[in-house]
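Right, one structure below, let's go through it.
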Amino acid sequence: MPRVPMPSPDQVPPGPRRALLQAIHQLHEEAGWPGLQKTSAAIRDRDDLPDSISHEGISKILRGETVPAQWLKLESLVRQYLTWNFVRRGDIDTEVLRIQELWKEAVSSSPSLELTIPRGPDDWPSPERLAWLVNELAAQNRGEEADELFQRALQRGPEETVQVLAALVPIDPESVTTTLYFIGGHACQDYDRVAEFLAALHRIPPETWLGGDPVAALMKGVLMNGASWSDTADLLQFLHDRGDAAGIRGLMRAAARKLDPGTAVDLLADMKKLTRLDEAIEEFLAVLVANMDHVLVNRMVGQMRRGRGLSREASTLARLLKKSPQRK
């Protein structure tokens, strides 16, 4: 992948924001211009960094499209670049403090005249504008205002909430996933509410989520409050009655990462009773193999072959297990 060029002065004028950007680009160069995805993965795999940052977030920083809203994300990026640095041999913490001072100056110098907080429905911004406002408020250390504005957006209903979250994906995809998780948790006893959010998610083009899985994130939240197998089966039946195949597949992806073998077999038996779920069952089995310890998956195969009417699914699971490398 070609490296991200330093923005021109026309794109990012001289001043504190450009000074910060130049410092980050210098660290990127001295680290050998590592790729965005490589950098994001390296940060995510480390236990000694304060936060993670997506490759989209790194791209926005290097392109000068935003001053990072959270210092911890920028700190993680800076520390990773310094770890790979083949030019500087000084103390990493000293260099991190230098970059932090540049970041503080960039944040404090950001113009606030455009950051007019909407007060009523007449001046309510578009989802894209609102996402930008929330990010810029946070970048200027106006976190309470950013949170309040975001909460107001959430109160405007599932349709607008999902549109705002979709607009936030390029800026902070991790917070989008977390928000959907908590939305699902709050709506876990209100299936009609869950259905409203699912319908809104289905109307957003899949590529908008940049590889994320918003439906599974929402469903993981629905399941988070200790939902029993019977609760999951009830939700499965509800979605089936509505003909929401995409919602069912998202539920299965979330459930496969949560259930123990016995409960997973019970859920499969319930799925088998419903019609037109072959694709969801296949996906459920594949996710089980990808996420559950293979000793437990083998135990499932045995349980499924003992009079549960799941012999075909047991054979499919055994086949998937045989093709999959043993999880570490």
Long-range neighbours under 8 Å by Cβ, at least six apart or interchain, first residue polar (S, T, N, Q) within the stretch 234-263, second modelled with pLDDT of 85 or more and part of a helix (DSSP H, G or I): none
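This table checks each residue for (1) surrounded by fewer than 18 Cβ atoms within 10 Å (Cβ to Cβ); (2) closer than 25 Å to ALA255 by Cβ; (3) within 13 Å of the chain's Cα centre (by Cα).
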position	(1), (2), (3)
ALA146	no, no, no
GLN155	yes, no, no
GLU159	yes, no, no
VAL162	no, yes, no
ALA166	no, yes, yes
GLU174	yes, yes, yes
THR177	no, yes, yes
GLY184	no, yes, no
Members of the stretch 181-203 found to be in contact with a Pro (Cβ under 8 Å, 6 or more places away or on another chain) and hydrophobic (A, V, I, L, M, F, W, C), listed by number: PHE197, ALA199, ALA200, LEU201
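Residues checked against (1) over 30 Å from ARG193 (Cα atoms); (2) touching a strand residue (DSSP E or B) at 6+ places or on another chain (Cβ under 6 Å); (3) among the charged types (D, E, K, R):
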position	(1), (2), (3)
ASP241	no, no, yes
GLY247	no, no, no
ASP266	no, no, yes
LYS272	no, no, yes
LEU288	no, no, no
ASN298	yes, no, no
ARG305	yes, no, yes
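Here are GLU196, GLU136, GLU159: which of them is among the acidic types (Asp, Glu), outside the structural domain of ALA246 (by TED's automatic domain parsing) and at pLDDT below 90?
GLU136
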Residue match in the stretch 29-43 (condition: touching a Leu at 6+ places or on another chain (Cβ under 8 Å), at negative phi, outside any helix (DSSP H, G or I) and in contact (Cβ under 8 Å) with a residue 12 or more places away in the chain): yes
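The values are calculated or read from the model by the stated rules, or taken from the named source; none is laboratory data. Note that this is a predicted model, so its numbers are computed, not measured. As a convention, Cβ positions derive from the backbone with ideal geometry for all residues, glycine included, and neighbour counts pool all protein chains shown.
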